[in-house]
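Have a look at the structure that comes next, please.
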Amino acid sequence: MTGTSTGTSSVTGTVTGVFGRHTGHEHVVFCQDEPSGLRAIIAIYSTALGPALGGTRFFPYATEDDAVADVLDLSRSMAYKNALAGLDHGGGKAVIIGDPAHDKSEALLRAYGRFVASLGGRYITACDVGTYVEDMDVVSRECRWVTGRSAAAGGAGDSSILTSFGVFHGMRACAERLWGEPTLRGRRVGIAGVGKVGGKLAGLLLDDGAEVVVTDISGHAIDRLRAARPQVDVVDDATALAYDGIDVYAPCALGGALDDEMVDALAAGATCRAVCGGANNQLAHTGVEKLIEDRGILYAPDYVVNCGGVIQVADELHGFSFERAKAKVEQVFETTRRIFALAADEGVPPAAAADRLAERRMAEVSRLRGILLPS
Ligand code: NAD
């Protein structure tokens, strides 16, 4: 791991806090540009499959330690996600510490772009929570290793369209496993967080004949969805969803949605049979996947079903074709099925089965690099 010192000015971050976690990351970079207020951390978990690809989260972390923990978790998940999505990309992620509503500026985004550029293509960025296509357009003025740009700037546009599409296909695989038919018709789905991904997922589910009940801490997000889809029901919070007769719970806000309390609520609600949502890092701690299984609830691993966005941005690197990317995202149905089958065969929760498949692919492909090629 290194600190980097490219761009206007930079400092090496609290690397002891990173090393002490023993997470197995290849490379973690702390980036600072005091005049613009930029404080960013870029984490590359693995480049075994190729250049690390993953978005930039802009979030008002309470402490630097929280930001480090988040970027390490998110970048590791990206490596697993990219592996199971069949991409030739390793996993990376970046966080910018700050409130995107107040702290985002052209100077900050361009400073960030210079730090991404300083990695020479080892890390390719994209949008995440708190960053949007127009932000990536600004970053791309300083850096060519940027995806998720607007169509006007030559990019693929909003990745949440294909992310929600992939989650929907993962949910179809859950429905098939539980009820024999790959459809949500007649089922009640509870969505927590109806921003870019959750809002579009609600539309796909309604079109498939499901009932949808939602919650969001933002009244604006609820109003926007209800303006387009007045038939959705609304409850106060995720716990209320659990007691609202749902068949499937879809966490589509931030990470850690599946903690012990939420799993207990889903079990006490007594109707929920599956969890399948777009949020990254849903499991609040190791062991929750077993708790979910013990409660008789089928868990579709988050990084397996929410890979639509990264498939889209990876496609952008080769001249974007929406149809080509969409066809690849449809494979989420088969991948999710395969994971459920492997989990049943090996007697492990689906989250463990997914990890095994991803690790197998990373090991197999990186082993091939041992075959010497003529220079
Ligand atoms: P977003 O910011 O557009 O939407 C998130 C929504 O969640 C917002 O409306 C917010 O108000 C709401 N929210 C936050 N905390 C909440 C809480 N405690 N309870 C209920 N609602 C809450 O973000 P997004 O792009 O829709 O991403 C949502 C999740 O999906 C994130 O975890 C993100 O990392 C993940 N994800 C997104 C993409 C993508 O293409 N956008 C791809 C893969 C994964």
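The values are calculated or read from the model by the stated rules, or taken from the named source; none is laboratory data. Since the model is a prediction, treat every value here as computed from it, not as a measurement. So basically every Cβ, Gly included, is an ideal-geometry build from the backbone, and we count neighbours across all protein chains shown. Note: accessible area is taken over every heavy atom of the protein model, side chains too, but ligands, DNA and RNA are not part of it. Shrake-Rupley method; radii C 1.70, N 1.55, O 1.52, S 1.80 Å.
Separation of the stretch 135-167 and the stretch 246-264 by C-alpha centroid, Å?
That distance is 28 Å.
For a test of understanding, tell me how many lysine pairs in the chain have Cα atoms under 17 Å apart, given they are 8 or more places apart or on different chains.
Working: 81/93; 81/326; 81/328; 200/326.
Within the chain, the lysine pair count is 4.
I need the helices of the chain that pass two filters: whole DSSP H segments spanning 24 Å or more by Cα along the axis, and mean Kyte-Doolittle score no lower than -0.5. Don't skip to the end; give the middle numbers.
Numbers: long enough: 64-84 (30 Å, -0.16); 160-179 (27 Å, 0.51); 350-368 (28 Å, -0.34).
Qualifying helices: 64-84, 160-179, 350-368.
For the ranges 116-128, 86-98, what's the packing order if you count other beta-carbon atoms within 10 Å of each residue, average per peptide, and put the highest first? Write out the running numbers ahead of the final one.
Numbers: 116-128: 21.9, 86-98: 24.8.
My ranking of the peptides, most packed first, is 86-98, 116-128.
Continuing with this model, one more query. What FRET efficiency, computed as 1/(1 + (r/R0)^6) with R0 = 25 Å and r the Cβ-Cβ distance, is obtained for residue 151 and residue 228, rounded to the nearest 0.05?
On the way: r = 21 Å, r/R0 = 0.86.
The calculated FRET efficiency here is 0.70.
Ordered by packing density, taken as the mean number of other Cβ atoms within 10 Å over each peptide's residues, highest first, how do 358-368, 56-66 rank? Walk me through the numbers before you get to the answer.
Details: 358-368: 14.1, 56-66: 17.2.
Highest-to-lowest ranking by the protection proxy: 56-66, 358-368.
Counting only helical runs of four or more DSSP H residues, what would the 222 nm mean residue ellipticity of the chain come to if each run contributes -39,500 (n - 2.57) and the total is spread over all its residues?
Using -39500 (n - 2.57) per qualifying helix, the result is -13500 deg cm²/dmol.
At residue 359 and residue 101, where each label point lies 7 Å from the Cα along Cα→Cβ, what is the point-to-point distance in nanometres?
It is 4.2 nm.
Here's another thing I want to ask about it. Counting other Cβ atoms within 10 Å of each Cβ, which trypsin sites (Lys or Arg not before Pro) in the stretch 177-250 have at most 13 and sit in a DSSP loop?
Filter output for the stretch 177-250: 185.
What does the highest-first list of 145-151, 21-27, 40-46 look like by mean Cβ count within 10 Å? Walk me through the intermediate numbers first.
Values: 145-151: 22.0, 21-27: 14.9, 40-46: 26.6.
Highest to lowest by the protection proxy: 40-46, 145-151, 21-27.
Let me ask something else about it. Of all accessible surface on the chain at a 1.4 Å probe, what whole percent is carbon and sulfur?
Working: 7830 of 15400 Å².
That share works out to 51 percent.
Shifting gears a bit: Quick check for you: with a 1.4 Å probe and neighbouring chains kept, what is the accessible area per residue of the chain, in Å²? Working shown, then result.
Details: 15400 Å² over 375 residues.
Solvent-accessible surface per residue comes out at 41 Å².
Along the Cα-to-Cβ line of residue 317, 7 Å from the Cα, sits a label point; which residues in the stretch 142-166 have backbone N less than 11 Å from it?
From the stretch 142-166, the list is 145-147.
Let me ask another. Once the other residues with Cβ under 13 Å from the Cβ of residue 216 are scored (Lys, Arg +1; Asp, Glu -1), what is the net sum?
In short, -1.
Give me the net charge of residue 165's neighbourhood, meaning all other residues with Cβ under 9 Å from the Cβ of residue 165; Lys, Arg count +1, Asp, Glu -1. Before the final figure, lay out each step's value.
On the way: positive: 200, 326; negative: 330.
Once positives and negatives cancel, what remains is +1.
Please give the residues of the stretch 80-95, grouped as numeric ranges, whose backbone N is less than 15 Å from a label point set 7 Å along the Cα-to-Cβ vector of residue 23.
80-81, 91-95
Additional query: Whole number please: convex hull volume per residue, Cα atoms of the chain, in Å³. Present the calculation step by step, with values, prior to reporting the outcome.
Details: hull volume 53.8 nm³, N = 375.
Measuring per residue, one finds 143 Å³ for the Cα hull of the chain.
Along each of the three principal axes of the Cα atoms of the stretch 160-360, give the extent in whole Å, ordering the values from largest to smallest.
Extents along the principal axes: 41, 41, 30 Å.
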